[in-house]
Amino acid sequence: MFMKKLIPLLFTALLFTSCEKEPNLDKVQNNYVVYTQYDKNANFSNGNTFFVPDSVLLVGNKSQNATYLDAATSDFIINAYTTQMQSKGYIQVANKSEATYGLQLSYIESTYYFVDNHDWWYDYPWYWAPSYWWPWVNGNWYYPYQFIYSYTSGSLLCEMIDITSVSPTTSNINPTVIWNNYITNVTSFNKANETKLTTAINQAFEQSPYLQYNN
């Protein structure tokens, strides 16, 4: 029933240039818009294991330390992504050193924060550092595709990392983000919105058929 009420713009995979801004979202009202982008050269069957941190990073808080969404909200979002990953044939592991892929989840609470092809997240010191996944890495994230360069308030962001793209002998390499999911208009988290947000997360995987483990 919910899907029938959405206008055609919603839940559509879109391609962008590196300097292209978001489309006009006036007509979407309170519905979510789902964007997905990926590395066309990535091998999504390189392995079948994945790791997800136990918290969703909160972006937009000017705290001197990294902050996260509350545990209940983080668990709900993490479980929704985990369920979809498992439905695609991937197995969740408890130790990131045993995983082929990593999912880092962030919620942009306020303001604009920027990412481009050259620099790591601009003006936000507590975004996911590559060193979270590889302690010896001092490079920046590499996106082998073009993407939205700014994320606005009320955005849920998931990035899929190829953990195998870096080894201890290549400490200066830029780790690769092979899939990006961006959901807009997520202005609150409550029971009334859980079904809608779950539908949006599910749609991100539905419009990403390449994201599948094939052994």
task = Please state which of the following conditions Asn180 fails to meet, knowing it meets all the rest: (1) surrounded by fewer than 18 Cβ atoms within 10 Å (Cβ to Cβ); (2) of a type in the set (S, T, N, Q); (3) within 17 Å of Tyr107 (Cα to Cα); (4) in contact with a Ser or Thr (Cβ under 9 Å, 6 or more places away or on another chain).
result = (1)
query = Given the conditions (1) farther than 20 Å from Ser55 by Cα; (2) in contact with a Cys (Cβ under 8 Å, 6 or more places away or on another chain), which single one is not true for Gly139?
reply = (2)
query = Of all residues in the stretch 41-55, which are modelled with pLDDT under 95, in contact with a Phe, Trp or Tyr (Cβ under 7 Å, 6 or more places away or on another chain) and not small (Gly, Ala, Ser)?
reply = none
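What number of residues within the stretch 155-191 satisfy the criterion of being among the hydroxyl-bearing types (Ser, Thr, Tyr) and assigned to a strand (DSSP E or B)? I'd like the intermediate steps shown before the answer.
So in the stretch 155-191, the residues among the hydroxyl-bearing types (Ser, Thr, Tyr) come out as 155, 164-165, 167, 169-171, 176, 182, 184, 187-188.
Among the residues that remain, those that are also assigned to a strand (DSSP E or B) are: 155, 176, 182, 184.
Going through the stretch 155-191 one residue at a time, the tally reaches 4.
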query = Of the residues that sit in the stretch 43-72 and are outside any loop (DSSP other than H, G, I, E, B) and touching a strand residue (DSSP E or B) at 6+ places or on another chain (Cβ under 7 Å), which one is surrounded by the most Cβ atoms within 10 Å (Cβ to Cβ)?
reply = Phe50
request  = Say whether the condition of being over 15 Å from Ile201 (Cβ atoms), modelled with pLDDT under 95, outside any helix (DSSP H, G or I) and more than 16 Å from the chain's Cα centre (by Cα) is met by at least one residue in the stretch 73-94.
outcome  = no
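How many residues are among the polar types (S, T, N, Q), exposed (fewer than 15 other Cβ atoms within 10 Å of the Cβ) and in contact (Cβ under 8 Å) with a residue 60 or more places away in the chain if we restrict to the stretch 188-213? Please lay out each step first, then the result.
First, pick out the residues of the stretch 188-213 that are among the polar types (S, T, N, Q): 188, 190, 193, 195, 198-199, 202-203, 207-208, 212.
Now drop any that are not exposed (fewer than 15 other Cβ atoms within 10 Å of the Cβ), which leaves 188, 190, 195, 212.
Filter once more, keeping what is in contact (Cβ under 8 Å) with a residue 60 or more places away in the chain: 195, 212.
The total comes to 2.
Which residue, of Asn174, Asn140, is modelled with pLDDT under 85, in contact with an Asp or Glu (Cβ under 8 Å, 6 or more places away or on another chain), surrounded by 14 or more Cβ atoms within 10 Å (Cβ to Cβ) and farther than 22 Å from Glu109 by Cβ? Break it down into steps so the answer makes sense when it comes.
Values: Asn174 fails: in contact with an Asp or Glu (Cβ under 8 Å, 6 or more places away or on another chain).
Step by step, each of Asn174, Asn140 is checked, and only Asn140 is modelled with pLDDT under 85, in contact with an Asp or Glu (Cβ under 8 Å, 6 or more places away or on another chain), surrounded by 14 or more Cβ atoms within 10 Å (Cβ to Cβ) and farther than 22 Å from Glu109 by Cβ.
With the structure loaded, tell me whether Asn215 is under 16 Å from Tyr107 (Cα atoms) and either modelled with pLDDT under 90 or within 17 Å of the chain's Cα centre (by Cα) (or both) or whether it fails that test.
On the way: under 16 Å from Tyr107 (Cα atoms): no; either modelled with pLDDT under 90 or within 17 Å of the chain's Cα centre (by Cα) (or both): yes.
Taking the combined requirement at face value, the residue does not satisfy it.
The values are calculated or read from the model by the stated rules, or taken from the named source; none is laboratory data. All of these numbers come straight from a predicted model, not from anything done at the bench. Neighbour counts run over all protein chains shown; Cβ positions are idealised from the backbone, glycine included.
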